[in-house]
Amino acid sequence: MNALTLENVSRSMGGKVIVDGVSMDLHDGEILTLIGPSGCGKSTLMRVIAGLEPADAGRVSVGDGDVTAVPTERRRIGFVFQESSLFGHMRVADNIAFGLRHLSKSSRAARVGEMLDLVHLAGLGRRYPHELSGGEQQRVALARALAPQPGIVLLDEPFANLDEVLREQLGHDVVSILRAASTAAILVTHDRHEAMTLGDRVAVMCNGRIEQCGTPEVVYREPATRFVASFVDVASFVTADDGTVRVARPHEFTITTSGPDVVTRIEFLGNGYRYGVRRADGIEVVVDGPSGEPLQVGDSCRVAVKADPLPRVD
């Protein structure tokens, strides 16, 4: 059984289509990352799933139940926002217990203790949110979302306000916590590295539509469209001998000195250099070269695609 199923879900605001006929599923226990540029409809889709905004068309099902017209509080969906949205006047333990008012006092306390252990914050239940770091606040927000044992957790760019080192560590920690709780989740991000490393599957969204959904390996190696190819990583598009357009990553080229092509830019990567090259046929490509004495802007060179077959894109 799927944890979540979307069937042709659409949402418009102010006469503009924000979510356009999205069909997608989330498997039990799966972590799916949803990636796309700002304004593509990711957050709106999450709000429709959670019931915070209505779907104008289509159906949202949690498990085997249609929840399209069901209020938010009855959908069994947890939500973690970009901001932790904790109640500043309440202690950590009380924040986590907020959705457990149907339980007895002793049961609430036991569940809060379990959640604090799960998110590695045991002993901090009596602190207030302002006494915690940003990463700790997001752990509390996750604990609060998980406490009522939802079928799904939606995380809308929860690491966006954290520094790069902390967000990478917290991202892996959150995935471990979700797996320990056996909870299916959708993680919204604009960070392609985060999407590719944290998700069991990756859904790529553009202009309100899901352009491709698959494992990170498939999305990277077999992109369905030019947009997907260029959004998940740096991509160049070259025409093969049979006339089809193929996508090539920087490491799939070789570059040598002297030839009909010209270096147009250079970037130092630490273990080598990345070049922008204008080929003799006028096509611009991005090529990784080895460390050592670099080529310079304006130098002539020769780039060639390595022998491995490249994926075709439309």
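The values are calculated or read from the model by the stated rules, or taken from the named source; none is laboratory data. All figures in this text were calculated on a predicted structure; none of them were measured in a lab. Quick reminder, even Gly has a Cβ in these numbers, built from the backbone with ideal geometry, and neighbours come from all protein chains shown.
Screening Ala110 on (1) hydrophobic (A, V, I, L, M, F, W, C); (2) exposed (fewer than 14 other Cβ atoms within 10 Å of the Cβ); (3) in contact with a strand residue (DSSP E or B) (Cβ under 7 Å, 6 or more places away or on another chain) shows it passes everything except condition (3). Within segment 261-275, the set of residues being within 18 Å of Ser291 (Cβ to Cβ) and surrounded by fewer than 19 Cβ atoms within 10 Å (Cβ to Cβ) comprises Arg265, Ile266, Glu267, Phe268, Leu269, Gly270, Asn271, Gly272, Arg274. Are any residues in segment 187-221 over 11 Å from the mean Cα position of the chain (by Cα), buried (at least 20 other Cβ atoms within 10 Å of the Cβ) and either modelled with pLDDT under 95 or small (Gly, Ala, Ser) (or both), and if so, which ones? The one that is over 11 Å from the mean Cα position of the chain (by Cα), buried (at least 20 other Cβ atoms within 10 Å of the Cβ) and either modelled with pLDDT under 95 or small (Gly, Ala, Ser) (or both): Gly208.
Can you name every one of the strands (runs of 3 or more DSSP E) wholly within segment 14-85 that holds 2 or more residues which are surrounded by fewer than 20 Cβ atoms within 10 Å (Cβ to Cβ) and without any contact (Cβ under 8 Å) to a residue 60 or more places away in the chain? Walk me through it before giving the result.
On the way: elements: 16-27, 31-35, 57-62, 77-80.
Passing ranges, in order: 16-27, 57-62.
Given the structure, is Asp281 surrounded by fewer than 19 Cβ atoms within 10 Å (Cβ to Cβ) and farther than 24 Å from Leu26 by Cβ? Against the criterion (surrounded by fewer than 19 Cβ atoms within 10 Å (Cβ to Cβ) and farther than 24 Å from Leu26 by Cβ), Asp281 qualifies. The residue of segment 289-311 that is nearest to the chain's Cα centre (by Cα), among those that are exposed (fewer than 15 other Cβ atoms within 10 Å of the Cβ) and assigned to a strand (DSSP E or B), is Pro290.
Can you confirm whether Asp314 is assigned to a loop (DSSP other than H, G, I, E, B), surrounded by fewer than 19 Cβ atoms within 10 Å (Cβ to Cβ), not assigned by TED's automatic domain parsing to the domain that holds Val247 and not hydroxyl-bearing (Ser, Thr, Tyr)? Break it down stepwise before answering.
Details: assigned to a loop (DSSP other than H, G, I, E, B): yes; surrounded by fewer than 19 Cβ atoms within 10 Å (Cβ to Cβ): yes; not assigned by TED's automatic domain parsing to the domain that holds Val247: yes; not hydroxyl-bearing (Ser, Thr, Tyr): yes.
Against the criterion (assigned to a loop (DSSP other than H, G, I, E, B), surrounded by fewer than 19 Cβ atoms within 10 Å (Cβ to Cβ), not assigned by TED's automatic domain parsing to the domain that holds Val247 and not hydroxyl-bearing (Ser, Thr, Tyr)), Asp314 qualifies.
Within segment 142-154, is even one residue at pLDDT below 90 and surrounded by 15 or more Cβ atoms within 10 Å (Cβ to Cβ)? Looking for residues that are at pLDDT below 90 and surrounded by 15 or more Cβ atoms within 10 Å (Cβ to Cβ), one finds none in segment 142-154, hence no. Residue-level check: of (1) within 30 Å of Cys213 (Cα to Cα); (2) exposed (fewer than 12 other Cβ atoms within 10 Å of the Cβ), Ser258 misses just (1).
Report, by residue number, each residue of segment 131-141 that is surrounded by fewer than 24 Cβ atoms within 10 Å (Cβ to Cβ) and closer than 12 Å to Glu83 by Cβ.
To start, the set of residues in segment 131-141 that are surrounded by fewer than 24 Cβ atoms within 10 Å (Cβ to Cβ) comprises 131-137.
Answer for segment 131-141, where residues must be surrounded by fewer than 24 Cβ atoms within 10 Å (Cβ to Cβ) and closer than 12 Å to Glu83 by Cβ: Gly134, Gln137.
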